[in-house]
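Engineer: Attaching a single structure in structure tokens format; questions to follow.
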């Protein structure tokens, strides 16, 4: 199960998200990833380091080649903290936590080991997101989140959901809006 199928699905989901969400250099993508769900187990019950590393490597390579920051959501044992490159942490509250497979999850652990200068954040407001396995990333998206339907809807046995964000619409019937922001 670990290998090309998972790596290719993760990479293709990232590419489709970049295109669908109109992501550009400097944007942040929050990713929650349950390696347990990918392996066909109940979320939080069977953390698999090899899967976490495989998914992280595929996503990080795809996003970083385009100047997009990957933010890895930890599991509930670290209060869904975020692991991200220090360069993307400006304006967010840094906390002291180092994820492990049993406290943070295999994906966040892979991110902490794979980033050049990782930091943990209490929360973030990301421009888009991938939820692999029902990890509930919504709390880390900017307002207003718009669900995206990707053609890649599973990685391994985990369901994949995606979202992008847009600025809130204000005004009313007389307001004009910039269609490029939809």
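Engineer: If the requirement is being surrounded by 15 or more Cβ atoms within 10 Å (Cβ to Cβ), within 15 Å of residue 140 (Cβ to Cβ) and in contact with a helix residue (DSSP H, G or I) (Cβ under 9 Å, 6 or more places away or on another chain), which of these qualifies: 63, 107, 56, 92? Walk me through it before giving the result.
Structural biologist: Numbers: 63 fails: within 15 Å of residue 140 (Cβ to Cβ); 56 fails: within 15 Å of residue 140 (Cβ to Cβ); 92 fails: in contact with a helix residue (DSSP H, G or I) (Cβ under 9 Å, 6 or more places away or on another chain).
Only one candidate qualifies: 107.
Engineer: Here's another thing I want to ask about it. Looking at the range 32-45, which of its residues are closer than 17 Å to residue 161 by Cα and touching a helix residue (DSSP H, G or I) at 6+ places or on another chain (Cβ under 6 Å)?
Structural biologist: If the condition is that a residue be closer than 17 Å to residue 161 by Cα and touching a helix residue (DSSP H, G or I) at 6+ places or on another chain (Cβ under 6 Å), then 33, 35, 38, 43 are the ones that fit.
Engineer: Residue under question is residue 125, and the condition is that it be more than 15 Å from the chain's Cα centre (by Cα) and either at pLDDT 95 or above or under 27 Å from residue 169 (Cα atoms) (or both); does it hold?
Structural biologist: Values: more than 15 Å from the chain's Cα centre (by Cα): no; either at pLDDT 95 or above or under 27 Å from residue 169 (Cα atoms) (or both): yes.
Judged against the criteria, residue 125 is not a match.
Engineer: Also: Please pick out the residue among 155, 84, 137 that is modelled with pLDDT of 95 or more and either within 21 Å of residue 3 (Cα to Cα) or surrounded by fewer than 23 Cβ atoms within 10 Å (Cβ to Cβ) (or both).
Structural biologist: On the way: 84 fails: either within 21 Å of residue 3 (Cα to Cα) or surrounded by fewer than 23 Cβ atoms within 10 Å (Cβ to Cβ) (or both); 137 fails: either within 21 Å of residue 3 (Cα to Cα) or surrounded by fewer than 23 Cβ atoms within 10 Å (Cβ to Cβ) (or both).
Unique residue meeting the criteria: 155.
Engineer: Return the residues of the range 95-104 that are more than 18 Å from residue 137 (Cα to Cα) and in contact with a strand residue (DSSP E or B) (Cβ under 8 Å, 6 or more places away or on another chain); say none if nothing qualifies. Can you show your working first?
Structural biologist: The initial filter retains those residues of the range 95-104 that are more than 18 Å from residue 137 (Cα to Cα), namely 95-98, 100-102.
Those that are more than 18 Å from residue 137 (Cα to Cα) and in contact with a strand residue (DSSP E or B) (Cβ under 8 Å, 6 or more places away or on another chain): 95, 96, 97, 98.
Engineer: Here are some conditions: (1) surrounded by 13 or more Cβ atoms within 10 Å (Cβ to Cβ); (2) in contact with a strand residue (DSSP E or B) (Cβ under 8 Å, 6 or more places away or on another chain). Residue 26 meets all but one. Which one does it not meet?
Structural biologist: Tallying (1) surrounded by 13 or more Cβ atoms within 10 Å (Cβ to Cβ); (2) in contact with a strand residue (DSSP E or B) (Cβ under 8 Å, 6 or more places away or on another chain), residue 26 fails exactly one: (1).
Engineer: Can you run down the residue pairs with Cβ atoms below 7 Å, 6 or more apart or on separate chains, where the first is in the range 1-28 and at positive phi and in contact (Cβ under 8 Å) with a residue 24 or more places away in the chain and the partner is surrounded by fewer than 18 Cβ atoms within 10 Å (Cβ to Cβ) and not in a helix (DSSP H, G or I)?
Structural biologist: Partner pairs satisfying both residue conditions: 26/67.
Engineer: If I go through the range 172-182 residue by residue, how many of them are assigned to a loop (DSSP other than H, G, I, E, B) and either within 23 Å of residue 141 (Cβ to Cβ) or under 21 Å from the mean Cα position of the chain (by Cα) (or both)? Steps first, please.
Structural biologist: In the first step, residues of the range 172-182 are kept if they are assigned to a loop (DSSP other than H, G, I, E, B); the result is 172-178, 182.
From what is left, the residues that are either within 23 Å of residue 141 (Cβ to Cβ) or under 21 Å from the mean Cα position of the chain (by Cα) (or both) are 177-178, 182.
Total meeting the criteria: 3.
The values are calculated or read from the model by the stated rules, or taken from the named source; none is laboratory data. All values reported here derive from a predicted model rather than from experimental measurement. Every residue, glycine among them, receives a Cβ derived from its backbone with ideal geometry; neighbour counts consider all protein chains shown.
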